[in-house]
Amino acid sequence: MDPLISFPALVALGLGYLLGSIPFGLILTRAAGHGDVRSIGSGNIGATNVLRTGNKKLAAATLLLDALKGTAAVLIGHYYGGLNGIAILAGLLAGLGAFIGHVYPVWLGFKGGKGVATYIGVLIGAAWPAALVFCGVWITLAVVTRYSSLSGLVASVVVPIYLFIIGRVPEAVLATIMTPILLWKHSANIKRLLAGEEPRIGAKA
């Protein structure tokens, strides 16, 4: 049987999805008394929208937890897969599941976050140098252009190319799957960028 469709591989994918679909942004904002974060701003559950509550610590916690669930999924999947002889495959599938779970959580009608933090978290678990490349590209472009969305979009395109260049093919394939999803989730940002209407970092409302 093809390891990709084996029972352990599917379990790893499912476990990753369940972990990734935990809506930390929604949970934290409700616990802090800010209500449903989906009722403000962009309506998504990510750290950027949580920041619109005015609570920077809450946004930072959301960012961290959304990233860590991606990392945890890869590590748990790798361990479980190792027990079944498919450690690397199971780790990558679990990471993919976590990313998909974050952007399309079944509990919230498949309406989740945009995926940048979880993308980085998956990279940390699967190929940490690629996570450094992502963050490096993001920081550089954010300083130069002051567009957070553009910085993340470009970084997500650079990462798969980087992984292919250094010979990390399985991880590159994973990133190649995640990047188009991330781009799709940022379609509104892309339209605003093309129209010159995307707000810059630090801009006043």
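Is there a residue being under 17 Å from LEU26 (Cα atoms) and in contact (Cβ under 8 Å) with a residue 60 or more places away in the chain anywhere in the range 118-132? Yes, some residue in the range 118-132 is under 17 Å from LEU26 (Cα atoms) and in contact (Cβ under 8 Å) with a residue 60 or more places away in the chain. A residue that is more than 24 Å from GLY41 (Cα to Cα), modelled with pLDDT of 90 or more and in contact with a Lys or Arg (Cβ under 7 Å, 6 or more places away or on another chain) occurs nowhere in the range 138-156.
Just for the range 141-188: of the residues that are basic (Lys, Arg) and within 26 Å of LEU93 (Cβ to Cβ), which one is nearest to the chain's Cα centre (by Cα)?
So in the range 141-188, the residues basic (Lys, Arg) come out as 146, 168, 185.
Those left that are additionally within 26 Å of LEU93 (Cβ to Cβ): 168, 185.
Numbers: ARG168: 19, LYS185: 11 Å.
Looking at residues that are basic (Lys, Arg) and within 26 Å of LEU93 (Cβ to Cβ), I get LYS185.
Taking residues in the range 55-79 that are in contact (Cβ under 8 Å) with a residue 60 or more places away in the chain, and partners anywhere that are buried (at least 23 other Cβ atoms within 10 Å of the Cβ) and of a type outside the set (Val, Ile, Thr), the pairs with Cβ atoms closer than 7 Å and at least 6 places apart or on different chains are ILE76/ALA94; GLY77/ALA12; GLY77/GLY16; GLY77/ALA90; GLY77/GLY91; GLY77/LEU93; GLY77/ALA94; GLY77/GLY95.
Counting only residues that are out of contact with any Leu (no Cβ under 8 Å at 6 or more places or on another chain) and touching a residue at least 12 places away in the same chain (Cβ under 8 Å), which one in the range 159-168 is farthest from LEU182 (Cα to Cα)?
Narrowing the range 159-168 to residues out of contact with any Leu (no Cβ under 8 Å at 6 or more places or on another chain): 160-168.
Right, trim to touching a residue at least 12 places away in the same chain (Cβ under 8 Å) and you get 160, 162-163, 166, 168.
Values: PRO160: 13, TYR162: 17, LEU163: 17, ILE166: 23, ARG168: 21 Å.
Going through the qualifying residues, I end up with ILE166.
Where helices (runs of 4 or more DSSP H) fall entirely within the range 1-92, those with at least 3 residues that are at pLDDT 90 or above and over 18 Å from LYS185 (Cα atoms) are at 7-20, 56-82. Being surrounded by fewer than 17 Cβ atoms within 10 Å (Cβ to Cβ), in contact with a Pro (Cβ under 7 Å, 6 or more places away or on another chain) and touching a residue at least 12 places away in the same chain (Cβ under 8 Å), is that true of even one residue in the range 146-158? No - not one qualifying residue is present in the range 146-158.
Is it true that GLY167 is part of a helix (DSSP H, G or I), farther than 16 Å from LEU64 by Cα and out of contact with any Lys or Arg (no Cβ under 8 Å at 6 or more places or on another chain)? Steps first, answer last, please.
Values: part of a helix (DSSP H, G or I): no; farther than 16 Å from LEU64 by Cα: yes; out of contact with any Lys or Arg (no Cβ under 8 Å at 6 or more places or on another chain): yes.
Spelling it out, it is not the case that GLY167 is part of a helix (DSSP H, G or I), farther than 16 Å from LEU64 by Cα and out of contact with any Lys or Arg (no Cβ under 8 Å at 6 or more places or on another chain).
Filtering GLY85, GLY115 for residues that are at positive phi and surrounded by fewer than 19 Cβ atoms within 10 Å (Cβ to Cβ) leaves a single hit, GLY85.
The values are calculated or read from the model by the stated rules, or taken from the named source; none is laboratory data. Note that the coordinates shown come from a computational prediction; the quantities given were computed from them, not determined experimentally. Methodologically, a virtual Cβ is constructed for each residue, glycine included, from the backbone with ideal geometry; neighbour enumeration extends over all protein chains shown.
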